[in-house]
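Colleague: First the structure, which I've put down as structure tokens, then a few questions once you've had a look.
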């Protein structure tokens with residue numbers, strides 16, 4: 001246990017990097033996922049097709065393969081970025097596919113009468129999305145979005161594989177020094193669990209506050 005307290009600063013540094021990746025990739029995935037969801041329900045067939053292909057690609061390709069490709073293969077092709085921004089972009093793109101699917105299911109909960117009323121009022125497709133459809137879709141899928149953010153929090157641990165020194169990497173590093181895997185890996189697992197529980201509690205409160213009464 002003393003070893004844990006001696007290297008608390010190192011583990012806290014790793015936790016800070018994990019939370020930074022989680023926050024930036026989470027925001028990016030929600031913004032990008034909203035655009036993909038809008039494209040999925042667009043009246044333009046080419047946009048629907050492109051959004052469908054985008055979502056299917058990221059849903060069906062393993063995240064680890066995408067991270068390795070982006071960090072090690074793309075620089076060889078001339079696309080060079082620091083490793084942390086690269087990981088954030090890949091995580092945001094990957095999770096945005098799931099966000100888009102969740103939002104698309106949320107769109108299906110919007111009553112058809114409200115959509116027709118928006119058209120009757122003379123709102124364009126874009127205005128209907130911005131003022132009527134998307135806000136209600138977000139409110140309907142708060143908990144699914146929370147589950148996606150929990151998955152994102154756990155997926156940040158894969159950043160250690162490509163050289164990002166986040167929580168999992170720090171746990172590995174400290175364990176190499178003290179050789180107490182049960183202590184350090186249990187601690188790391190409990191930290192990830194605490195992050196997941198915090199996200200779950202937050203989204204649960206938001207869901208109760210924003211629930212749409214039909």
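Colleague: Counting only C-alpha contacts under 8 Å and six or more residues apart, can you give the relative contact order of the chain as a whole percent? All intermediate terms of the calculation are to be shown ahead of the outcome.
Modeller: Values: 223 pairs, mean separation 61.4, N = 214.
In percent, rounded to a whole number, it is 29.
Colleague: As I understand it, the value is the acute angle between the Cα axis of helix 83-107 and the longest principal axis of the Cα atoms of the chain; what does it come to in degrees, rounded to 10?
Modeller: 40 degrees
Colleague: Given labels modelled 7 Å from the Cα in the Cβ direction, how far is it in nm from residue 105 to residue 12?
Modeller: 4.0 nm
Colleague: Also, quick follow-up: Counting only helical runs of four or more DSSP H residues, what would the 222 nm mean residue ellipticity of the chain come to if each run contributes -39,500 (n - 2.57) and the total is spread over all its residues? It would help to have the intermediate numbers written out before the result.
Modeller: Working: 11 runs with 161 residues, N = 214.
The per-residue figure over the chain is -24500 deg cm²/dmol.
Colleague: Next up: Pick out which of 56, 136, 127 has the largest mean-square fluctuation in a Gaussian network model of the chain, springs linking Cα atoms closer than 10 Å.
Modeller: Looking only at 56, 136, 127, the biggest GNM fluctuation is shown by 127.
Colleague: Continuing with this model, one more query. Report the label-to-label distance for residue 201 and residue 116 in nanometres (one decimal), using points 7 Å from each Cα along the Cα→Cβ vector.
Modeller: With each label point 7 Å from Cα toward Cβ, the separation is 4.6 nm.
Colleague: Once a ≥ b ≥ c are taken as the square roots of the eigenvalues of the Cα gyration tensor of the chain, is the result rounded (a/c under 1.5), prolate (a/b larger than b/c) or oblate (a/b not larger than b/c)? Each step should come with its number before you reach the end.
Modeller: Numbers: a/c = 3.48, a/b = 1.76, b/c = 1.98.
Oblate.
Colleague: What is the distance, in nm, between label points placed 7 Å from the Cα along the Cα-to-Cβ direction at residue 161 and at residue 176?
Modeller: Here the modelled spin labels are 1.9 nm apart.
Colleague: Still on this model: Tell me the angle of helix 181-210 to the major Cα principal axis of the chain, expressed in degrees between 0 and 90 and rounded to the nearest ten.
Modeller: Helix 181-210 sits roughly 20 degrees off the main axis of the chain.
Colleague: Using alpha carbons only, how many angstrom separate the centre of segment 9-82 from the centre of segment 167-183?
Modeller: About 29 Å separates the Cα centre of segment 9-82 from the one of segment 167-183.
Colleague: Now, a different point. Among 190-202, 28-40, what's the highest-first ranking by average C-beta atoms within 10 angstrom per residue? If you can, show how the numbers build up before the last one.
Modeller: Working: 190-202: 14.5, 28-40: 20.5.
For the peptides 190-202, 28-40, the packing ranking is 28-40, 190-202.
Colleague: Now for a separate question. Quick check: the angle from helix 45-60's long axis to the longest principal axis of the chain, C-alpha only, nearest 10 degrees?
Modeller: Result, in degrees: 30.
Every number in this text was worked out from the coordinates using simple rules, so none of it is lab data. Just so it is clear, the structure is predicted and the values come from calculations on it, not from any experiment. For neighbour counting, all protein chains shown are included, and Cβ atoms are generated from backbone atoms with ideal geometry for every residue, glycine included.
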